[in-house]
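See below for the structure under consideration.
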Amino acid sequence: MAHRVFISHKREDKSYKNYIQNNLGVDMIDKSLNEAIDSDDEDYIMRKIREDYLSDSTVTIFLIGTHSSENEGEEEQVYIKRELQASLFDGKANSRNGILGIVLPDMYDKIYRGSYACSKCGGNHNYVDIGDETVIKEFSCNYYIKPLADGKCAWSDDDRYCVLVKWDDFKKDAESAEKYIDQTFDKRQHHISKKVTVRPK
């Protein structure tokens with residue numbers, strides 16, 4: 001089934017958005033904003049994005065590049081933050097989207113930091129650095145949803161609302177891309193969706 005997909009990205013990462021739209025052959029209904037809205041009114045722009053692009057989409061792809069972090073500042077990140085907030089909101093005229101974070105190549109080493117030995121369970125866990133230095137809070141707090149259930153020492157896929165994938169794994173072929181989009185869409189009905197935070201502090 002073709003899902004309605006909105007792509008949220010920083011201006012610097014537009015080439016990756018274009019690649020998804022034009023080169024992958026993904027079976028999706030593209031709800032992305034491709035032309036700038038002719039206005040300087042931030043509230044008007046976001047209202048148009050919500051009404052015309054996000055309200056009937058079901059999956060939001062968040063491209064995670066070198067300018068996508070919380071540490072860039074609220075003013076710099078206002079649009080991607082509000083796009084993800086609108087995507088996460090579940091209301092009468094807007095059902096919640098699944099959120100797929102695609103880590104772009106320049107961010108691999110900053111996000112995928114190897115593994116560590118766990119003092120609690122004795123096993124090894126992957127260290128995936130999803131925080132203010134790498135992404136905006138709207139993504140991080142719905143990837144590492146707190147608190148973890150008693151007895152757990154690490155997050156599993158069932159403990160996360162947001163889905164995360166490397167660019168190279170996503171863009172391998174249309175089948176791979178569609179697999180991750182399907183997985184993200186399914187999160188909307190997963191029990192973890194009840195723990196989503198729309199506007200994290």
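Nothing in this text is a laboratory measurement; each read-out follows from the coordinates by a stated rule. Values in this document were obtained by computation on a predicted structure and should not be read as measured data. Glycine also receives a Cβ, built like all others from the backbone with ideal geometry; neighbour counts cover every protein chain displayed.
Place the peptides 146-155, 131-140 in order of packing, highest mean first, counting for every residue the other Cβ atoms within 10 Å and averaging per peptide.
Numbers: 146-155: 10.5, 131-140: 20.9.
So the order, starting with the most tightly packed, is 131-140, 146-155.
Restricting to bridges with both residues inside region 3-195, how much of the DSSP beta-bridge set is antiparallel, in percent to the nearest 5?
25 percent
What is the magnitude of the charge dipole of the chain about its Cα centre, with +1 placed on the Cβ of each Lys and Arg, -1 on the Cβ of each Asp and Glu, and no other charges, expressed in debye to the nearest 20?
Values: 30 positive and 37 negative charges, 163 e Å.
That gives a dipole near 780 debye.
Pairs of Cα atoms under 8 Å, at least six residues apart: use those to get the relative contact order of the chain, whole percent.
Values: 335 pairs, mean separation 46.5, N = 201.
Once divided by the residue count of the chain, the mean separation gives 23 percent.
Going by average Cβ density within 10 Å per residue, which order do the peptides 74-83, 178-187 take, highest to lowest?
Packing proxy ranking, top to bottom: 178-187, 74-83.
Sum -39500 (n - 2.57) across every DSSP H segment of at least 4 residues in the chain, then divide by the residue count to get the 222 nm mean residue ellipticity, nearest 500.
Working: 7 runs with 56 residues, N = 201.
-7500 deg cm²/dmol, from helical runs alone.
Tilt of helix 78-88 relative to the longest C-alpha principal axis of the chain, in degrees (0 to 90, nearest 10)?
Its long axis makes an angle of about 70 degrees.
Among [x] 45, 38, 28; [y] 55, 35, 34; [z] 62, 40, 34, find the value of Cα extents along the principal axes in Å that was calculated from the structure presented, and write down its label.
Of the listed options [x] 45, 38, 28; [y] 55, 35, 34; [z] 62, 40, 34, [y] comes from this structure.
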